[in-house]
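One structure below.
The values are calculated or read from the model by the stated rules, or taken from the named source; none is laboratory data. What you see is a predicted model, and the numbers here were worked out from it, not measured in a lab. Neighbour counts run over all protein chains shown; Cβ positions are idealised from the backbone, glycine included. Please note that ligands, DNA and RNA were not included when accessible areas were found on the heavy atoms of the full protein model with its side chains. Shrake-Rupley method; radii C 1.70, N 1.55, O 1.52, S 1.80 Å.
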Amino acid sequence: MNEFDIIATHAPEMNKKLSEKELEKIYMDFFYQSKYVLKKKHEITLISPSIDIIKKAAEKNSFSKITEKQAMLGEKAYFILKFLRVLIGLFG
């Protein structure tokens, strides 16, 4: 598979209908599936107002944060995160 050079998305946010536990599962599934569609040594870029759950899910799925920046969208602060897939072993 591994067909894409980059994935860029606005990550889902916690709200009244989406609990922290559900959000954590969504991020875990997202990074897990990304390993299979993203080419090796390519990146994921996300924008989100909260980043702790995203960072944990990325690390658990062998992605390393390479960039973190903050930006304002109107009056709301967002983080822009860039992750790179960490290859494990000789052949990734």
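Annotations for the structure displayed:
- Long-range neighbours under 7 Å by Cβ, at least six apart or interchain, first residue at negative phi and at pLDDT 75 or above within the stretch 75-92, second among the aliphatic types (A, V, I, L, M) and exposed (fewer than 13 other Cβ atoms within 10 Å of the Cβ): TYR78/ALA71; ILE80/ALA71; LYS82/ILE66; PHE83/ILE66; LEU84/ILE66
- In the stretch 2-23, residue modelled with the lowest pLDDT [restricted to those that are over 11 Å from the mean Cα position of the chain (by Cα) and closer than 11 Å to ILE54 by Cβ]: GLU13
- Unique residue being modelled with pLDDT under 95 and of a type in the set (Val, Ile, Thr) when the list is ILE47, ILE51: ILE51
- Strands (runs of 3 or more DSSP E) enclosed by the stretch 1-73 - at least 1 residues per element that are open to solvent by 50 Å² or more (accessible area, probe 1.4 Å), basic (Lys, Arg) and under 19 Å from LEU84 (Cβ atoms): 38-48, 63-73
- Close pairs (8 angstrom Cβ cut-off, 6 or more residues apart or separate chains): farther than 16 Å from GLU20 by Cα in the stretch 49-69, assigned to a loop (DSSP other than H, G, I, E, B) and open to solvent by 50 Å² or more (accessible area, probe 1.4 Å) anywhere: SER62/VAL86; SER62/LEU87; SER62/ILE88; PHE63/VAL86; SER64/VAL86
- Extreme residue, nearest to GLU3 (Cα to Cα), among residues of the stretch 35-92 that are of a type in the set (Phe, Trp, Tyr) and out of contact with any Asp or Glu (no Cβ under 8 Å at 6 or more places or on another chain): TYR36
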